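J.: One structure, as structure tokens, below. Some questions next.
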Amino acid sequence: MNMQIQRDLLLKPLSSVTSIVERRHTLPILSNLLLQAKQDQVMLTATDLELQITVNIHSPGVHNLSTTVSAKKLLDICRALSDDANINLQLQDSKMLVKSGKSRFNLQTLPAGDYPVMSSATSADKTLVRIAQRQLKQLLKQVEFAMAQQDIRYYLNGLLLEVNGHQLNLVGTDGHRLSYTSTLLEETYQKHELILPRKTVIELIKLLDDSDEEVSMELGGNQVTFTFGDIHLISKVIDGKFPDYNRVIPTGHQNSFEVERMRLLLAMQRASILSNEKFRGIRMVMTANELRMISTNSEQEEAEEELEISYAGQALDIGFNVTYMIDVLNNMDGERVVFSFADANSSCLVTIPGDDHYKYVVMPMRI
């Protein structure tokens, strides 16, 4: 059994699936990818048992082939070959011979039948949501930075994805800050919510195109399936109760100012240089038409930035983690941003002028 394929056709799909392969796994076959070829189609599949990515490649003239081979080694070989190389894959006993020009590589294989393929859920109460790839990618990027990393509250190590009526809502929080974004869908849906694991979110952002091509999301049971372009991604969902974001997002914050996003971002980045490396604290001091940002560290060094702003609210002096502020300013769209406060002990609400679809909440810190 052998097949011929151009390096260019194989390289991008190969990197797409290999990115989820764990380096050291208790099951050796999980370091491999499943390679299946028949009738002008090549299918590459990789899984870590929680997440599975399959990419279809249209390649005329490929013959029947079905095996599993080291994902990383095959990718490294492909990367090292010249751009216009033709690759010949040949199965001999339990080895795969990879030939291109005068290069030959002999790789170990494991039987395709042993590969633990995840199949799409067949539950009857599946919800099918369609949205443009560009739009979903943008929504994910607006909230993914607020997800927790390796938190003991495992349900925070992911994003809440909720469809309700005409609306798709996405929420990420690590308990100290919360990022919420939403968009209107063309169809109406019954309420359905699930928690997408962190790894799935990161892979989706990598794989989705900046195009108006559609992605269909199938939500059902304990998993979710995304299908777009030549890619089919199945992910388990996190079992747990996500915090009620409506209780966290404040309303009626009276003291607010609007400012140019980049101007504030650059000032915050400068002020953060001398902030305490562990606590990353910054004081935001607001008085009439002025914002001062002050940071100090354990060596008694101090940085101060001053910005003229249009502000007529009460004088406030509040401490925040400067990284959380820089994160939101880096990940927002739009040229201007609104900061709203209630008092010195309450959270800060960051929004985009004239846009109800995005909200970011940061809890204050004592400095």
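The values are calculated or read from the model by the stated rules, or taken from the named source; none is laboratory data. Computed from a predicted model, the values in this text were never measured in an experiment. Positions of Cβ are backbone-derived with ideal geometry, glycine not excepted, and every protein chain shown enters the neighbour counts. In case anyone asks, the SASA skips ligands and DNA or RNA and just uses the protein heavy atoms, side chains included. Shrake-Rupley method; radii C 1.70, N 1.55, O 1.52, S 1.80 Å.
J.: Yes or no: ASP83 more than 28 Å from THR225 (Cα to Cα), open to solvent by 40 Å² or more (accessible area, probe 1.4 Å) and in contact with a helix residue (DSSP H, G or I) (Cβ under 7 Å, 6 or more places away or on another chain)?
T.: In short, yes.
J.: Hey, among SER19, SER31, which residue is in contact with a helix residue (DSSP H, G or I) (Cβ under 7 Å, 6 or more places away or on another chain) and closer than 24 Å to ASP83 by Cα?
T.: Being in contact with a helix residue (DSSP H, G or I) (Cβ under 7 Å, 6 or more places away or on another chain) and closer than 24 Å to ASP83 by Cα holds for just one of SER19, SER31, which is SER19.
J.: Can you give me the number of residues within the stretch 131-168 that are part of a strand (DSSP E or B), of a type outside the set (Gly, Ala, Ser) and either within 17 Å of SER235 (Cα to Cα) or touching a helix residue (DSSP H, G or I) at 6+ places or on another chain (Cβ under 8 Å) (or both)?
T.: Residues in the stretch 131-168 being part of a strand (DSSP E or B), of a type outside the set (Gly, Ala, Ser) and either within 17 Å of SER235 (Cα to Cα) or touching a helix residue (DSSP H, G or I) at 6+ places or on another chain (Cβ under 8 Å) (or both): 5 in total.
J.: Is it the case that GLU203 is modelled with pLDDT of 95 or more and open to solvent by 80 Å² or more (accessible area, probe 1.4 Å)?
T.: no
J.: Can you name every residue in the stretch 104-130 that is in a strand (DSSP E or B) and open to solvent by less than 40 Å² (accessible area, probe 1.4 Å)?
T.: Hits for the stretch 104-130 are LEU107, THR109, THR127, VAL129.
J.: Within the stretch 54-62, can one find any residue that is touching a Pro at 6+ places or on another chain (Cβ under 9 Å), open to solvent by 70 Å² or more (accessible area, probe 1.4 Å) and not hydroxyl-bearing (Ser, Thr, Tyr)?
T.: no
J.: Taking the stretch 314-345 on its own, how many of its residues are at pLDDT below 95, open to solvent by less than 50 Å² (accessible area, probe 1.4 Å) and either of a type in the set (Ser, Thr, Tyr) or over 20 Å from GLN138 (Cβ atoms) (or both)?
T.: Here the count works out to 1.
J.: Restricted to the stretch 308-332, and to residues that are more than 22 Å from TYR358 (Cβ to Cβ) and in a strand (DSSP E or B), which residue is nearest to the chain's Cα centre (by Cα)?
T.: For the stretch 308-332, the residue satisfying everything is GLY319.
J.: Identify, from the list LEU75, LEU35, the residue that is hydrophobic (A, V, I, L, M, F, W, C) and under 15 Å from PRO116 (Cα atoms).
T.: LEU35
J.: How about the stretch 267-277: which of its residues are open to solvent by 10 Å² or more (accessible area, probe 1.4 Å), over 15 Å from ILE367 (Cα atoms) and of a type in the set (A, V, I, L, M, F, W, C)?
T.: Residue satisfying the conditions is ILE273 alone.
J.: Using beta carbons and a limit of 7 Å, which pairs, at least six apart or on different chains, have the first residue in the stretch 144-161 and in contact (Cβ under 8 Å) with a residue 12 or more places away in the chain and over 17 Å from VAL328 (Cβ atoms) and the second one assigned to a strand (DSSP E or B) and among the hydroxyl-bearing types (Ser, Thr, Tyr)?
T.: Hits for this filter: LEU156/THR173.
J.: Let me ask you something else. Scanning for something in contact with a Pro (Cβ under 6 Å, 6 or more places away or on another chain), modelled with pLDDT under 95 and open to solvent by 10 Å² or more (accessible area, probe 1.4 Å), does the stretch 33-46 turn up at least one residue?
T.: Yes; the residues of the stretch 33-46 include at least one that is in contact with a Pro (Cβ under 6 Å, 6 or more places away or on another chain), modelled with pLDDT under 95 and open to solvent by 10 Å² or more (accessible area, probe 1.4 Å).
J.: Sticking with this structure for a sec: Taking the criterion of being at positive phi and modelled with pLDDT under 95, would at least one residue in the stretch 55-67 satisfy it?
T.: Looking for residues that are at positive phi and modelled with pLDDT under 95, one finds at least one in the stretch 55-67, hence yes.
J.: Going by what's in this entry, would SER346 be described as touching a residue at least 24 places away in the same chain (Cβ under 8 Å) and part of a loop (DSSP other than H, G, I, E, B)?
T.: yes
J.: So, ARG280, is that one within 26 Å of the chain's Cα centre (by Cα) and buried (at least 16 other Cβ atoms within 10 Å of the Cβ) or not?
T.: yes
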